[in-house]
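J.: Below is the structure I would like to discuss, written out as structure tokens.
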Amino acid sequence: MPITKSAKKALRQSQIRRTRNTKRATTYKTAIKDYKKAVQGKDAEKIKTSLSKVYKSLDKAAKAGVIKKNKASRLKSRLTKKLAGK
């Protein structure tokens, strides 16, 4: 456990950041899962809304530093290719 005042604050900050980053990561992962299910179901309207949700969550995760910018764009590209392949 931290002893100094600054170390205690650093611990609090890192705990808050960890929960925030975990939430962002699970958000984009569940959005990707929902999108893949929509592609399997071939529901055009659901695919459109879930793809925009995926883009939004990936961009937010990349902006926050949860994932790198290139990983976000790579995932977006691959998910869009899945749609074009169907």
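J.: In segment 11-38, what residues are in contact (Cβ under 8 Å) with a residue 12 or more places away in the chain and of a type in the set (S, T, Y)?
T.: If the condition is that a residue be in contact (Cβ under 8 Å) with a residue 12 or more places away in the chain and of a type in the set (S, T, Y), then T27, Y28, Y35 are the ones that fit.
J.: Oh, and also: Give all pairs with beta carbons closer than 7 Å in which a residue from segment 42-70 that is under 19 Å from T26 (Cβ atoms) and touching a residue at least 24 places away in the same chain (Cβ under 8 Å) meets a residue that is small (G, A, S) and loosely packed, with under 13 Cβ neighbours inside 10 Å; count only pairs at least 6 apart in sequence or on separate chains.
T.: Close Cβ pairs satisfying both conditions: none exist.
J.: Another question, then. Among the residues of segment 1-36, write down those that are farther than 21 Å from K69 by Cα and either within 18 Å of the chain's Cα centre (by Cα) or aliphatic (A, V, I, L, M) (or both).
T.: Of the residues in segment 1-36, the ones farther than 21 Å from K69 by Cα are 1-16, 34, 36.
Scanning segment 1-36 gives M1, I3, A7, A10, L11, I16, D34, K36.
J.: Count, please, the residues in segment 37-52 that happen to be closer than 16 Å to R74 by Cα and of a type outside the set (G, A, S).
T.: So the first thing to find is which residues in segment 37-52 are closer than 16 Å to R74 by Cα, and the list is 51-52.
From what's left, of a type outside the set (G, A, S): 51.
The qualifying residues number 1.
Rule-based calculations on the coordinates, nothing more; no lab input. Source: prediction; values computed, not measured. Note that we place each Cβ from the backbone using ideal geometry, even for glycine, and neighbour counts take in every protein chain shown.
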